[in-house]
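In what follows, a single structure is set out as structure tokens and then discussed.
Only the coordinates and a few stated rules stand behind these numbers; no lab work does. None of these values were measured; they are calculated from a predicted model. Methodologically, a virtual Cβ is constructed for each residue, glycine included, from the backbone with ideal geometry; neighbour enumeration extends over all protein chains shown.
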Amino acid sequence: MSAVPISDATGPDVSSLKRKRNPKAGLLTTLTWILALGFFFPVLWMVLQAFKKETDAATDPPTFFFSPTLEQFKGVFDAGIGTPLLNSVFATVVSTLFVLLLGVPAAFALSLRPVRKTSDALFFFLSTKMLPIVAAIIPLYVIVGKIGMLDNVWTLVILYTAMNLPIAVWMMRSFFLEVPGELLEAASIDGASLWTSVREVILPLISPGIAATALICVIFSWNEFFFAVNMTAVDGQTMPVFLTSFMSGQGLYWAQLSAASVLAALPVVLAGWVAQNKLVRGLSFGAIK
């Protein structure tokens, strides 16, 4: 008795179906890799430029084979990167903490414990992002100058908090809406207070969303340039403003600028790498319906 082929007994051969789908899947994978490399190439080129000498960085056509050197990084540290780096870290971390301290209660009040006219409050938060920053810079500059806060990193902390708070409230509200209201009711039946219910039940559930919100606020604050360049000079200077010092009337110092850019991007890249799991979970958990 001859054996019945698996393909005849169970339908079409699985391996043949895979072979038919492979060309399209392979083409899609190739296009994806090409796009990914296209987006990543400027970053790779910046890193390569940072390890070149200025003569190699300014060649046309570009130099791909060179002797790596740390000379440009030494020049960046000699140029005084310490103060701008500390200012950026301080303004970013403190403003993000303020955003979370103010945004979490606001988002909770607009979701699981909605207040009257919630839509009006949400529209108010959103409307603060409709005014272009350039339209508000002159009155802000005058006010900051009158109170003696120009070239002060605390000015940036206040401005970054105001800049990121509306975004944080909208994001965290969507995370809170994903939490079933029955959890609060069950906790209250068990005798837990509102604060205990939020601390022990709600916040652990939405911790990935809070981490995602915090990381986005960190990125926005770290990369902010317009407020920093107009409100600071020397003492309150941040990393984005510091990078402009490598562009002078004598020309562009490509290698040193690339080295400074690598150092400026490294903290955010490391923060994103450390929090990548919570970031993905948070963005998928808080998807707006």
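What the table below lists for this structure:
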{"item": "Helix-derived mean residue ellipticity, 222 nm - over the chain, DSSP H n ≥ 4, -39500 (n - 2.57), to 500", "result": "-23000 deg cm²/dmol"}
{"item": "In the stretch 37-120, the trypsin sites (Lys or Arg not before Pro) that fall in loop regions by DSSP, at most 10 other Cβ within 10 Å", "result": "Arg116, Lys117"}
{"item": "Surrounding net charge for Ile167, when Lys and Arg each add one and Asp and Glu each subtract one, Cβ distance under 15 Å", "result": "+1"}
{"item": "Approximate spin-label separation Leu101-Thr83, in nm, with each point projected 7 Å along Cα-to-Cβ", "result": "2.7 nm"}
{"item": "Gap separating the Cα centres of the stretch 36-71 and the stretch 165-229, nearest whole Å", "result": "42 Å"}
{"item": "Spin-label proximity, Met149 to the stretch 76-99 - amide N less than 16 Å from point 7 Å beyond Cα toward beta carbon", "result": "91-92, 94-96, 98-99"}
{"item": "Whole-Hz couplings from phi, Karplus 6.51/-1.76/1.60, listed for the stretch 145-162; x for Gly and Pro", "result": "x, 5, 8, x, 10, 5, 6, 10, 5, 5, 4, 5, 4, 5, 5, 5, 5, 5"}
{"item": "Fewest-first sequence of Asp56, Asp151 by Cβ atoms within 10 Å of each Cβ", "result": "Asp151, Asp56"}
{"item": "Estimated inter-spin distance, Ile219 and Trp273, nm [label 7 Å along Cα→Cβ]", "result": "1.7 nm"}
{"item": "Square roots of 5 times each gyration tensor eigenvalue, C-alpha, the stretch 112-189, largest first, Å", "result": "36, 15, 10"}
{"item": "Bins of 10 Å from zero: percent of alpha-carbon pairs in the stretch 147-255", "result": "12, 28, 23, 18, 12, 5, 2, 0"}
{"item": "Dipole axis of the chain (+1 Lys, Arg; -1 Asp, Glu on Cβ), positive-most option in Phe73, Ala121, Phe226", "result": "Ala121"}
{"item": "GNM result for the chain, Cα springs below 10 Å: residue of Gln256, Gln276, Gln49 fluctuating most strongly", "result": "Gln276"}
{"item": "Size of electric dipole in the chain: Cβ of Lys, Arg +1 and of Asp, Glu -1, about Cα centre, debye, nearest 20", "result": "680 debye"}
{"item": "Answer label for Rg and Dmax of the Cα atoms in Å (calculated), chosen among (i) 18.6, 56; (ii) 21.5, 70; (iii) 26.1, 99", "result": "(iii)"}
{"item": "Highest-MSF residue in the chain out of Ala79, Ala136, Ala259 [GNM, Cα springs under 10 Å]", "result": "Ala136"}
{"item": "Karplus-derived 3J(HN,Hα), 6.51/-1.76/1.60, for each residue of the stretch 40-52, Hz, glycine and proline x", "result": "7, 4, x, 5, 4, 5, 4, 5, 5, 4, 5, 9, 9"}
{"item": "The stretch 66-169: chymotrypsin sites (Phe, Trp or Tyr not before Pro) in DSSP loop, at most 16 other beta carbons within 10 Å", "result": "Phe66"}
{"item": "For the stretch 265-275, 3J(HN,Hα) per residue [Karplus equation, 6.51 cos²θ - 1.76 cosθ + 1.60, θ = phi - 60°, Hz, x = Gly/Pro]", "result": "7, 4, x, 5, 4, 5, 5, x, 5, 5, 9"}
{"item": "Of Ser119, Ser111, Ser174, the one that fluctuates the most in a GNM where the chain has Cα springs shorter than 10 Å", "result": "Ser119"}
